[in-house]
Each structure stands twice: as C-alpha cells, then as structure tokens.
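Okay, structure first, notes after.
The values are calculated or read from the model by the stated rules, or taken from the named source; none is laboratory data. Just so it is clear, the model here is predicted, and its values are computed rather than measured. Cβ atoms come from the backbone with ideal geometry, glycine included; neighbour counts cover every protein chain shown. Keep in mind that these areas ignore ligands, DNA and RNA; they rest on the heavy atoms of the full protein, side chains included. Shrake-Rupley method; radii C 1.70, N 1.55, O 1.52, S 1.80 Å.
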Amino acid sequence: MINNMPILSINLMAIVKIFVILALSIYVIFSLVVIKQVKLMTETVEIGTEWLMKIVSYIHFLFAVAVLIFAIIIL
Amino acid sequence: MPDIFISDNGEKKEKIKVKEKPAKDKEEKISPFSYSIKQTTKDNPFASFIFRPNHIDFEIKDEEEKVILFLRKHPITNIKWAVIALILVTAPILVGSFPIFSFLPKNYHFIAILGWYLLTLSYIIQNFLSWYYQIQLVTDERIVDIDFYNLIYKEVSDCNIDKIQDVKYSMGGVIRTIFNFGDLMIQTASEVPNFKFEAIPDPNKVAKILQDLREEEQQEALEGRVR
C-alpha cells in the first residue's frame, strides 16, 4: 500500500490530488465550451429540441462541477 | 323556336369546357413536381429524412424560402460509438470485480470512477451532437450544408439550385444496402465546388428531388420568374 510509506505517501498523494483537481478543473472548462457550442448549434438550426439540448449541456456542466467539489472535499 | 333553343345549349356547354381548362392549369402550377414521398404532419426531430418539414428553421434562411428536405446521417451510423459507449459505461462494473485498483485508497478509487463516467459522458455528448447537428437542407432556392467538427469548428456552406451541375449518389456495402442509405455527391459552379451528403437515407429520392428542383429553376428562368 502507498499509504504505508509515511514520508513518501504524503507527498505522492498530495501531487496526485493536485493533478486530479487540475484535470477536473479543465473538464469543467470543457463542459462550459459544450454549453457555448450547444448554444451556437441551436442558434444555427432550429429543429424543435433546443430546450432538451440546453438542459443536457447544463446537467453535464453541473455534474462536472459537483465532481470537482466532491474531489476537493474528499481527497 | 325549338331549334334556336337547342343551339343555345350547345354554346353553353362549350363555354363551360373553356372555363374548366385554366382551373386545371393552376392546379398543376401549385404542385409543379410530383414526389412519391409522403409528407409527415409532425416533424420527428431525431429523423434523418424529413420531406417538407414544418418547424425547421436555420439562421441564413430567407423569409420566403421554404425547406423541402431535411437530411442528416442515417441513425444506424451511430451504432459504432453507441457500442463503445456501452462498453465504457459497463467497464467500471466489470473492472470492479477484479482487484486491479486495490492499491488506491477508497476515496481516490471513487473519484476515479466518477472521472471515468465524466469522460464517458463527454464521449457520448460529443458523438451525439456531431450526428444531431450535422445537417443538410434542401430549400426551394438552394442547398445548405451545416457541419460541426469536434465541438469547436463550425462550417456552413450553401449553393443555389441553378448552380448545381451534376448529382450522383453511391450505395455500397451490405449495411448500406440493407438500410438503404448512401452518399450523395453534388458538383456545383459555386465557390464550394463539391457538396457531399454522407450516409443519408434514400439518396435516390434526394437525387430525384434535386433534379426536379433544377428543372423547376430552369422553367422559372425561362418564364422570367424570380421565385
């Protein structure tokens, strides 16, 4: 187990935590890009399901933010 | 006296016949080209082939312009990424039964699973949106090709019907033959020399409609009509 190595484990897990939070932060930015892109797509063509696509993109963004907050709390 | 009466009747009959003819001509003008495709009363937003859609609009559409055809890739083309998505969704459950990540602390393990599902979700959203918004439209005046590549690149190109020079379609392979979809290539005299409608359902019907529209445009040009 990594946790059994006292001095090394603290540094290693801290680095892993930073990387995980950094990756999740980038993902949150990506989900914002998805929201923007869906908005652009719905403006380009109106098919009749614009509301559904927007809801999906917002749920995706909220899920990404929730995972990021959760990671900050529990890691 | 009776003879005069009879001759009047004959004239009346002729007059009625003359009046009937223009009414028929007008009817023909309303529907200048006949298609063997049924128009749907309600548009299915997930359909790949909609003839004369009622509620579809696009940003560069003119007020008087009417959309005749709405096209996107056949739904069967989504099978590949749908199967991959299914594998990605079930992977943590399958991997969970093997102690591969047992060296990780429980909280990291949990976040890794959540991260995995985030990536899976992004994969599904990206593929679905690419299919859903990659659209080809045929209006009474032009063809419009709307493409979104990888969520960050958008390309909208259009070409007037009268600029179309050549239309050809191809259907090859077992799946394409079974599900009746193929590629349609349109050669034009506009800035965009080639339009390719990929994996669209019933390419033969689309080619026929384009041919009819071209004939209609030529007729309009001969008669000097604008629309």
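Among the residues of region B:114-122, is there at least one that is small (Gly, Ala, Ser) and farther than 18 Å from A:Ser57 by Cα? For region B:114-122, residues small (Gly, Ala, Ser) and farther than 18 Å from A:Ser57 by Cα: absent. Looking for something charged (D, E, K, R) and either open to solvent by 80 Å² or more (accessible area, probe 1.4 Å) or within 20 Å of B:Ile68 (Cα to Cα) (or both) - is there at least one such residue anywhere in region B:169-181? Taking every residue of region B:169-181 in turn, none turns out to be charged (D, E, K, R) and either open to solvent by 80 Å² or more (accessible area, probe 1.4 Å) or within 20 Å of B:Ile68 (Cα to Cα) (or both). Among the residues of region B:133-179, count how many are aromatic (Phe, Trp, Tyr), outside any loop (DSSP other than H, G, I, E, B) and within 12 Å of chain A (Cβ to nearest Cβ). Counting residues in region B:133-179 that are aromatic (Phe, Trp, Tyr), outside any loop (DSSP other than H, G, I, E, B) and within 12 Å of chain A (Cβ to nearest Cβ) gives 3.
Taken together, the criteria place B:Ser170 among residues that are modelled with pLDDT of 90 or more, more than 15 Å from the chain's Cα centre (by Cα) and not charged (D, E, K, R). Would you pick out the residues in region A:16-75 that are in a helix (DSSP H, G or I), of a type in the set (S, T, N, Q) and at the interface with another protein chain (Cβ under 10 Å from one of its Cβ atoms)? A:Ser31, A:Gln37, A:Thr42, A:Thr44, A:Ser57, listed by residue number. Kindly establish whether B:Asp162 is closer than 24 Å to B:Pro45 by Cβ and either over 12 Å from the mean Cα position of the chain (by Cα) or open to solvent by less than 50 Å² (accessible area, probe 1.4 Å) (or both). So B:Asp162 fails the test.
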